[in-house]
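Undergrad: Before I ask anything, here is the structure I am working with.
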Amino acid sequence: MSNVKQIQELPEFDWDKAADKGFGTGYSAADRNRFEQMYDTTVSPVQEKEVVKGVVVGITDREVILNIGFKSDGIVSSNEFRDLPGLKIGDEVEVYVENQEDQHGQLVLSRKKAKVITAWDNIQKSFDEDVVIDANVKRRTKGGLIVDIFGIEAFLPGSQIDVKPIRDFDIFVGKRMEVKVVKINYANDNVVVSHKILIEKDLEAQRQQILNNLEKGQVLEGVIKNMTNFGVFIDLGGVDGLLHITDISWGRINHPSDLLALDQKLNVVVLDFDEEKKRISLGLKQLQSHPWDSLAEEIQVGSKVTGRIVNVADYGAFLEIKPGVEGLIHVSEMSWSQHLRNPQEFMNVNDEISAVVLTLDRQERKMSLGIKQLTEDPWTQTILKDKYAIGTRHKGVVRNLTNFGLFIELEEGIDGLVHVSDLSWTKKIKHPSDFVKVNDELEVVVLELDAENRRLALGHKQLEENPWDTFETIFAVGSVHRSTIVGKGDKFATLELPYGIEGIAAVKNLAKEDATFAEVGESLDFTVLEFLKDEKKIVLTHSKVKPAAQVADEKKEERAPKASASKPAASANENSTKEGEKSTFGDLSVLSALKEQFEESEKKEKK
């Protein structure tokens, strides 16, 4: 049998007819409308740079094929769907149209960008509408936490986590937390959220209820949320109150942490409440009876007590006999010495000491104590009169200087006064500081002792004999001495005489032979006019005066008869030959004449 290929014959096509009517013609208006409607339902208008919804029509190992209703399907990398492990054909997802047609004619989509844009839209919507967002805490950072909201990382400050301070942020990592958006910064892609704001709204009603029912004396339970040097803040269930450090314990404490700890629960009593400022003052020690109420009746004035020093001040120290019961030891009660010193020289904080009760007022809850009373009063010693008998010598320490003298401490509690006039026989001391300094050691002699009145008069110059007994013969009236002018006033000048003593001379008696007056620093010969031993005063003159013998003779001549006038004259001439010789105290008439002459000159000067 031969191979014969059978060919099926087709009806003839009228090409002329087709050419005449053209391609796509021959449809009725109804058919055309129907075809256009079908096309509009299968192809949706798509704009670039916008988020649209697409349906998964295919899934491969590397790509996901999506139909967004465009003329062609789009392809998205499967890496962008890692958060959807159960993705399957037919699921609807949002994608971002990057390009309707690239150089290969392919529709370019991105789910990652769609998530970011959608997330920011949701964040803005949540911020505008005050919507609560469920966030996932990813990690901690400096000052707070990083949380995930709508796929965007947001910052949750530590101060916005809770109404009470949070000390450990790590406990929140990996947990879910409700937050609200409080700030958006598009320039830095920064979002700030808060969890505290949600808690505050929940506590507002509870806080208002507590404030409405708050009364003085009410006992409440609270939790310590913050601690400072001056006290602790306690959360009473939505409202905070201050427990001052002085209201924590009846005893003295340095810091609230000595007795309390953070997050500790405790009962407190309401001491005061300022409704306008919403301030609540709390107390803890008020829940216990005052320690003074349980103070032993055996403790009376004169009793000996033992305790711990809790505070040292400039004026004294506080001794705590028991927590809440303190007594003041004034610095004057620490030593029998009249010289007050710093209390820290006697005691320090936390020292355990004994003291004697001096005053006690249980009603006012006050007590004064003393420690010097534990030792014998040195002024009541039986050997005091013998030890400090008049004329005995002692060494002491200069404790205080005054205008009139200085106080020397001979032993603990025994002080004596050295008057400024008892410091030196020869020097004229205006202030004790010119002679001695505080804390210097000085030897003295007892001049007077009054144990009953606790007075002891001392002297320093009495350690030596009175040199004025000797000066009386050296600086006799009429004697001449080389002296230096060391000071000059309006009426008198101060002279430095031999042996370091001082004398005075009237300014008018400083006249020299050339009619000029001597000035400070000049050394001249001066004649003694007066020697006042008791007053330790020597009066001199440099001006030319009549010798003492001549003055005496002239006085005699005035009183004698004229018949005997030649004798006094001869006597005067005789004495004139002895001009410049030193006078003695033998001739009382000479002293009288000189004194009268000096008084007359002073009267003229006063006039």
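The values are calculated or read from the model by the stated rules, or taken from the named source; none is laboratory data. As the structure is a prediction and not an experimental result, all values here were calculated from the model. Cβ coordinates were reconstructed from backbone atoms using ideal geometry, including for glycine residues, and neighbour counts include every protein chain displayed. Heads up: the accessible areas ignore ligands, DNA and RNA and are worked out on the full protein's heavy atoms, side chains in. Shrake-Rupley method; radii C 1.70, N 1.55, O 1.52, S 1.80 Å.
Undergrad: Could you order the peptides 115-125, 509-519 from most to least packed, using the average number of other C-beta atoms within 10 Å per residue?
TA: 115-125, 509-519
Undergrad: May I ask you to give the solvent-accessible area per residue for region 401-533, in square angstrom, as obtained with a 1.4 angstrom probe?
TA: So region 401-533 comes to 52 Å² accessible per residue, rounded to a whole number.
Undergrad: Let me ask something else about it. Calculate what fraction, in whole %, of the accessible area of region 354-470 sits on carbon and sulfur atoms when a 1.4 Å probe is rolled over the protein chains.
TA: 46
Undergrad: Follow-up question, since we're still on this one. Can you tally the net charge around Arg308? Count Lys and Arg as +1, Asp and Glu as -1, for every other residue whose Cβ sits under 9 Å from the Cβ of Arg308.
TA: After counting each charged neighbour, the total is -3.
Undergrad: May I ask which of Lys428/Lys512; Lys461/Lys488; Lys285/Lys372 have a Cα-Cα span longer than 31 Å here?
TA: From the list (Lys428/Lys512; Lys461/Lys488; Lys285/Lys372), the Cα-Cα distance tops 31 Å for Lys285/Lys372.
Undergrad: Across region 427-532, what fraction of all alpha-carbon pairs, as a whole percent, falls in each successive 5 Å bin from zero upward?
TA: Using 5 Å bins, I get a P(r) of 2, 9, 16, 17, 14, 12, 10, 8, 6, 3, 2, 0, 0 for region 427-532.
Undergrad: With viscosity set to 1.306 mPa s and temperature to 10 °C, compute the Stokes-Einstein D of region 152-245, Rh being the Kirkwood radius across alpha carbon pairs; µm²/s, no decimals.
TA: It diffuses with D of about 102 µm²/s by this estimate.
Undergrad: What share of Cα pairs, in percent, lie more than 20 angstrom apart in region 315-404?
TA: When every Cα pair of region 315-404 is considered, 51 percent fall beyond 20 Å.
Undergrad: For region 423-434, take each phi angle, set θ = phi - 60°, evaluate the Karplus expression 6.51 cos²θ - 1.76 cosθ + 1.60, and give the result in whole Hz per residue in order, putting x for glycine and proline.
TA: With coefficients 6.51, -1.76 and 1.60, one gets 8, 8, 6, 10, 8, 8, 9, 7, 9, x, 5, 6 Hz.
Undergrad: So how much slack lies between Glu411 and Thr118, counting 0.36 nm per residue of separation and subtracting their Cα-Cα distance, in nm?
TA: Length gained, Glu411 through Thr118: 96.1 nm.
Undergrad: Roughly speaking, to the nearest percent, how much of region 194-264's 1.4 Å accessible area is carbon and sulfur?
TA: Summing carbon and sulfur atoms, their accessible area is 48 percent of the total for region 194-264.
Undergrad: Now for a separate question. Fully extended, how many nm does the chain gain between Thr484 and Asp258 (0.36 nm per residue separation, minus their Cα-Cα distance)?
TA: Gain on stretching Thr484 to Asp258: 73.8 nm.
Undergrad: How long are the three semi-axes of the equivalent ellipsoid for region 234-291, computed from the Cα gyration tensor as the root of 5 times each eigenvalue, in whole Å, largest first?
TA: The three semi-axes for region 234-291 are 20, 14, 10 Å.
Undergrad: Where Lys and Arg each count +1 and Asp and Glu each count -1, what net charge lies around Ala355 among other residues with Cβ under 13 Å from its Cβ?
TA: Combined, the nearby Lys, Arg, Asp and Glu give -2.
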